[in-house]
Amino acid sequence: MVIEDCLFCKIVAGEIPADIVHETEDTLAFRDINPQAPVHILIIPRKHIATINDLDDADQAIVGSLFTAARDIAAAEGLADDGYRVVMNCNEAAGQTVFHIHLHLLGGRRFGWPPG
Ligand code: AMP
Ligand code: ZN
């Protein structure tokens, strides 16, 4: 399902350009336009799901595919051994600004904990 006004649905549909680095049947991954680390990639489901709160139980395989994509991209980007961070924000208080779920894959520097 393509949601008309969803930026990431438009990237899935090829209507907006993106620096795509990885694709599977269920997922698409592209470089963040405003990177917060030397490597900052967004991994999204092709299916429109607005937030974690909107997940159906039937979406479990799709969510799993975001993580196996992260594993493969981290290896391809040379991050696997040193380490990297994956983050998914949910709703405004956590900083979600695009309401089509996406896993941030960040690497290439050290990260503090707890996050700000
Ligand atoms: P969040 O704040 O967790 O919803 O993350 C949204 C992310 O999408 C931010 O890191 C933005 O920099 C990124 N972003 C917004 N528009 C684009 C775009 N057209 N291409 C790539 N990344 C984008
Ligand atoms: Zn969408």
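The values are calculated or read from the model by the stated rules, or taken from the named source; none is laboratory data. On a predicted model such as this, the values are computed, not experimentally measured, just so you know. Using ideal geometry, Cβ is built from the backbone for each residue, glycine included, and neighbour counts are taken over all protein chains shown. Surface accessibility is based on the protein's heavy atoms, side chains included, excluding ligands, DNA and RNA. Shrake-Rupley method; radii C 1.70, N 1.55, O 1.52, S 1.80 Å.
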Hey, residue 88 hits all of (1) over 13 Å from the mean Cα position of the chain (by Cα); (2) open to solvent by less than 60 Å² (accessible area, probe 1.4 Å) but one; which does it fall short on? (1)
Out of all the residues in the range 43-65, is one or more part of a loop (DSSP other than H, G, I, E, B), away from ligand 2 (no atom under 16 Å from the Cβ) and not aromatic (Phe, Trp, Tyr)? no
Does residue 14 meet the test of being open to solvent by 40 Å² or more (accessible area, probe 1.4 Å), within 16 Å of ligand 2 (Cβ to nearest atom) and part of a loop (DSSP other than H, G, I, E, B)? yes
If you go through the range 37-48 one residue at a time, do you hit one that is open to solvent by 80 Å² or more (accessible area, probe 1.4 Å) and either modelled with pLDDT under 95 or farther than 11 Å from residue 105 by Cα (or both)? no
Go through (1) free of Cβ contacts under 8 Å to residues at least 60 places away in the same chain; (2) touching a strand residue (DSSP E or B) at 6+ places or on another chain (Cβ under 8 Å); (3) not hydrophobic (A, V, I, L, M, F, W, C) for residue 71 and report which single condition fails. (2)
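Restricting to the range 71-85, and then to whatever is open to solvent by 70 Å² or more (accessible area, probe 1.4 Å) and assigned to a helix (DSSP H, G or I), can you tell me which residue is nearest to residue 38 (Cα to Cα)? Talk me through it step by step, then tell me what you get.
Pass one, the range 71-85, residues open to solvent by 70 Å² or more (accessible area, probe 1.4 Å): 71, 76, 81-82, 84.
With the extra rule that they be assigned to a helix (DSSP H, G or I), the set shrinks to 71, 76.
Working: 71: 17, 76: 14 Å.
Only one residue fits best here, namely 76.
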Among the listed residues 116, 95, 107, identify the single one that is at pLDDT below 95 and of a type in the set (Gly, Ala, Ser). 116
Test for residue 68: is it part of a loop (DSSP other than H, G, I, E, B) and among the β-branched types (Val, Ile, Thr): no
